[in-house]
Structures are given as C-alpha cells and as structure tokens.
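Chemist: Sharing a structure below in structure tokens format, with a few things to ask.
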Amino acid sequence: AQTVTQSQPEMSVQEAETVTLSCTYDTSENNYYLFWYKQPPSRQMILVIRQEAYKQQNATENRFSVNFQKAAKSFSLKISDSQLGDTAMYFCASLNAGNMLTFGGGTRLMVKP
Amino acid sequence: EAGVAQSPRYKIIEKRQSVAFWCNPISGHATLYWYQQILGQGPKLLIQFQNNGVVDDSQLPKDRFSAERLKGVDSTLKIQPAKLEDSAVYLCASSLGGGWGQETQYFGPGTRLLVL
C-alpha cells in the first residue's frame, strides 16, 4: 500500500517570491512515478510536474522544480517567482505499477500581491 | 486536443434518490478512472477501467455505486440510493493505457454533488 503525506495544510507567499511545498511518501515498490497536481478554485486538476523514481535528476518545468530525495522518500515542489495565478490547492501523488494513483491531503497555497 | 469532458457540472438531490454522472475521456485514452473528492481532502480512486474492463474497483461501495464503460470510451457512474456522505466532487480522469511510463492521468472538471 502507498501513502502520501503533505504536512502543510496552508501556505502563503508574496508575489515574485519562492515557496516550497513538502511531501513525503511511502511505497514498497522499486519503480514508481511521483506527481504534483494543481487544483485552482475552478476545480480542474492540472498536472504541474512529474518525476520518475529511477531518474536521479530532479524534474523542472519552467518556474516549477522538485527536490526528489529517494532515500528519505521526500518529494518537495519549489515554485519560483510566484504569480497570483499560482493560488490553488496543490496535491502530491504517487503512481504504482498497477497504475493506482494515491494522493496526499493537499496544501492550499495563497499568493499575495 | 479536447480534454476530459464531464457532465453535469453540478447536481443537487435528496437522500435516497438516484444520480448518474457521465464522462468522455481524451480521444485514444484506453484507461479511465473515477475519483471521489470530499471537501478538504485529496481524491480517492473509486474504479479504474482498461478499455471496457474493470481493473480495480476495490474502493467502490458496490451496495450503492455502479459504473460502466460498455464500448470502451464513455463511462457513467451511478449512485443509488444516495446518502448524505456521498456529497463530494466526482472526478473523471483518463490516461493512454499503453503501459508503464504512459500513465500520466488527465482530469476532467468534475461533477459537484450535494445530497440534502
């Protein structure tokens, strides 16, 4: 069984600054994928970034990057140059070999002008 | 490319009534998922289809929930009879289903259900 934990229910950041969202997970599998999804108030879940566990290099997508620490089972998301449109719920999720996606409880991020 | 479509967007019903949700996945996606998202929580998988076959329905409350994907494309999720605790957003997602590495899931806008 997989578990995903997001320990920060809410966070805020000033526009243009950097924020890091934390995520830890537990899995018994050797190969898996990790994801960060964004869910704005309109509720459409949008993929932000994904990481393959066998790749040591941290994934990057424009202003979004991850810090993947496999031994520590940690997968944090860094948002640089935060924008007002980044305000949303952020969910960390892990995918196992059976293609079952397990989500964390989410972190509500507020970007302040 | 069109995304995952869901309807209706909102539904309000009385407890013990029935309700059905519809999902049309991204064209060419073989795998379809239904999730339940209770307010303030992450989505929980209810059922996973590969084409028109069920892969995993271990978390589907089968006494009241049912789902089908008869032709391997569109899917419907039904609740009969509804309970107050079924109030949630029901999300549909799809993925290519071509095997490991192609399983990024893309989500629809969801159906918000309120049971009174």
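The values are calculated or read from the model by the stated rules, or taken from the named source; none is laboratory data. Predicted model, so just to flag it, every value in this text is computed and none were measured. Using ideal geometry, Cβ is built from the backbone for each residue, glycine included, and neighbour counts are taken over all protein chains shown. Side chains included, ligands, DNA and RNA excluded: accessible areas come from the protein's heavy atoms. Shrake-Rupley method; radii C 1.70, N 1.55, O 1.52, S 1.80 Å.
Chemist: Which residues, taken from the range A:77-113, are in a loop (DSSP other than H, G, I, E, B) and more than 9 Å from chain B (Cβ to nearest Cβ)?
Modeler: The answer is A:S80, A:D81, A:S82, A:Q83, A:T87, A:N96, A:P113.
Chemist: Could you please find all residues in the range A:89-113 being crowded, with 21+ Cβ neighbours inside 10 Å and out of contact with any Ser or Thr (no Cβ under 9 Å at 6 or more places or on another chain)?
Modeler: Answer for the range A:89-113, where residues must be crowded, with 21+ Cβ neighbours inside 10 Å and out of contact with any Ser or Thr (no Cβ under 9 Å at 6 or more places or on another chain): just A:G106.
Chemist: Same structure, new question: Restricting to the range B:18-43, count the residues that are of a type in the set (A, V, I, L, M, F, W, C), touching a Gly at 6+ places or on another chain (Cβ under 8 Å) and closer than 27 Å to A:P41 by Cβ. Walk me through how you get there before you give the answer.
Modeler: First pass over the range B:18-43, keeping only residues of a type in the set (A, V, I, L, M, F, W, C): B:19-23, B:26, B:30, B:32, B:34, B:38-39.
Subsequent filtering for residues that are touching a Gly at 6+ places or on another chain (Cβ under 8 Å) retains B:23, B:26, B:30.
Within this subset, residues satisfying the condition of being closer than 27 Å to A:P41 by Cβ are B:23, B:26.
Residues in the range B:18-43 being of a type in the set (A, V, I, L, M, F, W, C), touching a Gly at 6+ places or on another chain (Cβ under 8 Å) and closer than 27 Å to A:P41 by Cβ: 2 in total.
Residues checked against (1) more than 8 Å from every other protein chain (Cβ to nearest Cβ); (2) within 13 Å of the chain's Cα centre (by Cα); (3) acidic (D, E); (4) closer than 22 Å to A:I46 by Cα:
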position	(1), (2), (3), (4)
B:L45	no, yes, no, yes
B:L60	yes, yes, no, no
B:E68	yes, yes, yes, no
B:S75	yes, yes, no, yes
B:I79	yes, yes, no, no
B:L84	yes, no, no, no
B:C92	yes, yes, no, yes
B:L114	yes, no, no, no
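Chemist: Of (1) at positive phi; (2) at pLDDT 95 or above; (3) open to solvent by less than 70 Å² (accessible area, probe 1.4 Å), B:L46 satisfies all except one. Which?
Modeler: (1)
Chemist: Restricting attention to the range B:47-56, report how many residues are within 13 Å of the chain's Cα centre (by Cα) and aliphatic (A, V, I, L, M). Give the derivation first.
Modeler: At the first step, the residues of the range B:47-56 found to be within 13 Å of the chain's Cα centre (by Cα) are B:47-49, B:54, B:56.
Right, trim to aliphatic (A, V, I, L, M) and you get B:47, B:54.
Count: 2.
Chemist: If you don't mind, there's one more thing I want to ask. One residue is enough: does the range A:65-81 have a residue meeting the conditions touching a helix residue (DSSP H, G or I) at 6+ places or on another chain (Cβ under 9 Å), at pLDDT 95 or above, hydrophobic (A, V, I, L, M, F, W, C) and buried (at least 20 other Cβ atoms within 10 Å of the Cβ)? So that I can check it myself, show each step before the final result.
Modeler: Let us first name the residues in the range A:65-81 that are touching a helix residue (DSSP H, G or I) at 6+ places or on another chain (Cβ under 9 Å), namely A:79.
Next, from what is left, pick out any that are at pLDDT 95 or above: A:79.
Then keep just the ones that are hydrophobic (A, V, I, L, M, F, W, C); that gives A:79.
Filter once more, so that each one left must be buried (at least 20 other Cβ atoms within 10 Å of the Cβ): A:79.
There is at least one residue in the range A:65-81 that is touching a helix residue (DSSP H, G or I) at 6+ places or on another chain (Cβ under 9 Å), at pLDDT 95 or above, hydrophobic (A, V, I, L, M, F, W, C) and buried (at least 20 other Cβ atoms within 10 Å of the Cβ).
Chemist: Taking the condition under 30 Å from B:R112 (Cβ atoms), of a type in the set (D, E), loosely packed, with under 13 Cβ neighbours inside 10 Å and touching a residue at least 60 places away in the same chain (Cβ under 8 Å), does A:E10 pass? Step through it out loud before you land on a result.
Modeler: Details: under 30 Å from B:R112 (Cβ atoms): yes; of a type in the set (D, E): yes; loosely packed, with under 13 Cβ neighbours inside 10 Å: yes; touching a residue at least 60 places away in the same chain (Cβ under 8 Å): yes.
Answer is yes for this residue.
Chemist: Taking the range A:55-76 on its own, how many of its residues are within 14 Å of another protein chain (Cβ to nearest Cβ) and in a loop (DSSP other than H, G, I, E, B)? Don't jump to the end; show me each part of the working.
Modeler: Start the filter on the range A:55-76 by keeping residues that are within 14 Å of another protein chain (Cβ to nearest Cβ), which leaves A:55, A:59, A:61.
Then drop every residue that is not in a loop (DSSP other than H, G, I, E, B), which leaves A:55, A:59.
Total satisfying the criteria: 2.
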